[in-house]
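Peer 1: To start, I am sharing the structure in question, which I have written as structure tokens.
What follows draws every value from the coordinates through simple rules; no lab data is involved. The structure presented is a predicted model; accordingly, all values stated were derived computationally and were not measured. Neighbour counts are summed over all protein chains in view; Cβ atoms, including those assigned to glycine, are modelled from backbone coordinates with ideal geometry.
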Amino acid sequence: AIDIGLLLESLEGYGVRQIAVISDACRSPAYERWNRSMTHDGVLPLGPFDPLDLDSETDTDLFQAVHKFDQAYMLREREDAPPRCIFTSVLMEALHGEGENAFNEDGEITSDTIVSYLRQNVNKRAQTYGVRMKPQTRATWLDNDNIYITAAKLETANLSPLAPWPSEAAPEAQGGLIGDLMESFGKNLVGATSLGGQSQSLGDKDAGEAFRTAVAKEAADVEEFEAETDDRLTALRTQMNDTDWVQLETAPEAPLSATIGGEGRPAAVHADKHQGWVLAELAVSPDNAAFVGSLLMPDFETDLTVMTEKGCVATTLRQSDFGRGSGAFSHEVIERMAAGSLDTDQTLDKALDDALEVRHAKHRDPILGVIAAYLYHAVGDIRRIRRMAGFYADREQELPYDIALLARVQSSVEDGKLIAHIPKVGKQTPRTEYESDYAGYFSKREPCDVRVAGRFPIMRNGWFALGRRADTLVAPGLAELAGELTDAPFTTLSREGGERLIEILQGEG
């Protein structure tokens, strides 16, 4: 399971300044019952350079055959044409300049012309063979440095001509996510199901039937997943407002106290206010206990929302002077995240605008800054994360651990406090109209130091980045605990994992 964000981090550290990610593959569903066996892989170790020590920032073009949860398709060999993957073949048309509108007005094939060509032609071509494919693409290479090839160079390149497309098959009507593609599979398609990890060549009756059965099962699983998502979101909204929450009061000079709501009563609360971490031991099911981890920050209270048999589905921080109802916007953001509407599997512009909308309230609830940092990380923009970290220093607020981790900054320990050293960040040009309204957010920033709250990631995704660090930010043995996580979005560990984490943190203290 290749984690593109981690891969981009590595390439930046090797001094690569332009990256094009091309992926022609099915996007494995992120169903929670499969996540436990899936480890995100960044492919490469971190490079030797700090990206900000280099002269220019890294720009990434992304060309993926489909959005997540969807399947990519290839065509079987026919008498009139060799086999091929649909997306790759359309991309090759764009790069060869053979299709209509492949060039811009200056006779160039650029990031933008490729994105436009793929969006116009991938699904059109797929429908010719009775399937649908909607590519996920974004172009970020900047003008004058975004040219893949020109018409003049193509004329002298002596490229081999592209193979012809197979003869057309009658398109089949589709319904739902996968659709009723039964007859067309046996005629000319090869599909790859994510259920069994197998590709079936459908040249005979038995193979075709096996694949049709797998597709039907996957379609049923998708419908079940969508129904479960609705149920989870309904339960989440109910529990955020009513039950199963733990409120941790953390006034600077007062002892830690916990207020309990609902059934998820802690057996114990373990915390270190000086280091800014808390672990609440909860009964998440009648026969099982888990440890839910979060941040402690001066003048904030920590609310944890725990769902039975799942773990922590929401963490919010609110200023001590305000009641639980003050976290309405934070809950809305987390609901959007849970429902999939706050997602980086979208255009770059929308990802950046979502991150900016969320980060506006990062000082009222630092967890929102954490969520914004993960959005920026997913699109490979470390500068925006580092710049956002500096604003916590401006406000004299502590910096959530996840942001320090994703910002890939140096750190040190002073008087038992973890300090993040934020490097100089050059001025950035806003990339969207919404960002242009807040141009001051993207101005040049000088180096600064800021205290870090916490000693471990509060979001599940952050644990998979720990193994790429070997410094004071990551305590020895911390990365190995990723295997003890439940599939809850906010850090929830098994009993064994929680007990081991306490040992690690107390050893650090």
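Peer 1: Work out, step by step, the length gained on full extension between LYS444 and GLU332: first 0.36 nm times the residue separation, then minus their alpha carbon distance; give nm to one decimal. Spell out each step's value before the answer.
Peer 2: Values: separation 112, 0.36 × 112 = 40.32 nm, distance 3.18 nm.
Value of the extension gain: 37.1 nm.
Peer 1: While we're on this one: Can you list the residues, at least 5 places off or on another chain, whose amide H is less than 5 Å from the amide H of LEU399, using H built in the peptide plane?
Peer 2: Excluding prolines and chain starts, which carry no amide H, the hits are ARG451, VAL452, ALA453.
Peer 1: I would also like to ask the following. Take the eigenvalues of the Cα gyration tensor for segment 373-509, scale each by 5, and report the square roots as semi-axes in whole Å, largest first.
Peer 2: Numbers: eigenvalues 169, 62, 24 Å².
Sorted largest first and rounded, they come to 29, 18, 11 Å.
Peer 1: If you don't mind, another one. Around CYS85, which amide H atoms from residues at least 5 apart in sequence, or from another chain, sit under 5 Å from its own amide H, with H modelled in the peptide plane?
Peer 2: Placed amide hydrogens put LEU75 under 5 Å from CYS85.
Peer 1: With respect to the cross-link table entries LYS362/LYS427; LYS350/LYS417; LYS68/LYS427; LYS68/LYS350; LYS68/LYS444; LYS350/LYS427, which display a Cα-Cα separation exceeding 25 Å?
Peer 2: Values: LYS362/LYS427 21 Å; LYS350/LYS417 37 Å; LYS68/LYS427 33 Å; LYS68/LYS350 16 Å; LYS68/LYS444 36 Å; LYS350/LYS427 21 Å.
Over 25 Å apart, Cα to Cα: LYS350/LYS417; LYS68/LYS427; LYS68/LYS444.
Peer 1: Further question on the same structure: Express in nm, to one decimal, how much length is gained between GLU503 and HIS360 on full extension, taking 0.36 nm for each residue of separation and deducting their alpha carbon distance. Mind dumping the intermediate values first?
Peer 2: Details: separation 143, 0.36 × 143 = 51.48 nm, distance 3.63 nm.
My answer for the length gained is 47.9 nm.
Peer 1: Also, I was wondering about something else. Taking Cα pairs under 8 Å and at least six residues apart, what relative contact order does segment 418-487 come out at, in percent? Please list the in-between numbers first.
Peer 2: Values: 65 pairs, mean separation 21.4, N = 70.
31 percent.
Peer 1: What does the charge count around TYR392 come to, taking other residues whose C-beta lies under 13 Å from its C-beta (Lys +1, Arg +1, Asp -1, Glu -1)?
Peer 2: Values: positive: ARG359, LYS362, ARG364, ARG386, ARG387, ARG395, ARG445, ARG451; negative: ASP365, ASP394, GLU396, GLU398, ASP402, ASP449.
Residues near TYR392 contribute +2 overall.
Peer 1: To the nearest 0.05, how large is the calculated FRET efficiency for THR472 and VAL21 if R₀ is 25 Å and r is the Cβ-Cβ distance? Don't skip to the answer; put the middle values down first.
Peer 2: On the way: r = 32 Å, r/R0 = 1.28.
Using R0 = 25 Å, I get an efficiency of 0.20.
Peer 1: What does the charge add up to near SER412, with Lys and Arg as +1, Asp and Glu as -1, over the other residues with Cβ less than 10 Å from its Cβ?
Peer 2: Values: positive: LYS417; negative: GLU414, ASP449, ASP471.
Neighbourhood net charge equals -2.
Peer 1: Please tell me the relative contact order of segment 327-448 in percent, rounded to the nearest whole number, where contacts are Cα pairs under 8 Å and at least six residues apart. Can you show the working numbers first?
Peer 2: On the way: 144 pairs, mean separation 24.1, N = 122.
Here the relative contact order equals 20 percent.
Peer 1: Sort segment 121-160 into rounded, prolate or oblate with this rule: let a ≥ b ≥ c be the square roots of the eigenvalues of the Cα gyration tensor; rounded if a/c is under 1.5, and if a/c is not under 1.5, prolate when a/b is larger than b/c, oblate otherwise. Present the calculation step by step, with values, prior to reporting the outcome.
Peer 2: Details: a/c = 4.89, a/b = 1.51, b/c = 3.23.
In terms of gyration-tensor shape, oblate.
Peer 1: Read phi for every residue in segment 120-125 and hand back ³J(HN,Hα) as whole Hz from Karplus 6.51 cos²θ - 1.76 cosθ + 1.60, θ = phi - 60°, with x for Gly and Pro.
Peer 2: Each residue's phi maps through the Karplus curve to give 7, 10, 5, 5, 4, 5 Hz.
Peer 1: Using amide H atoms built in the peptide plane, which far-off residues or other-chain residues are under 5 Å from ILE149 H to H?
Peer 2: It is ILE109, by chain and number.
Peer 1: Let me make sure I get this right: for segment 41-124, a, b and c are the square roots of the gyration tensor eigenvalues over alpha carbons, sorted descending. Under 1.5 in a/c it's rounded, otherwise prolate if a/b > b/c, else oblate. Which is it?
Peer 2: On the way: a/c = 2.59, a/b = 1.47, b/c = 1.76.
Oblate.
Peer 1: Another question, if that's okay. What is the sum of charges, Lys and Arg at +1 and Asp and Glu at -1, for the other residues whose Cβ falls under 11 Å from the Cβ of SER443? Kindly include the intermediate steps, with their values, before the conclusion.
Peer 2: On the way: positive: ARG387, LYS427, LYS444, ARG445; negative: GLU446.
My count for the surroundings of SER443 gives +3.
Peer 1: Related question: What distance in nm separates the simple spin-label points at GLU100 and ASN461, each placed 7 Å from Cα in the Cβ direction?
Peer 2: Calculated label separation equals 3.9 nm.
Peer 1: A further question follows. Taking the highest mean first, how do the peptides 20-26, 139-145 order by number of other beta carbon atoms within 10 angstrom per residue?
Peer 2: 20-26, 139-145
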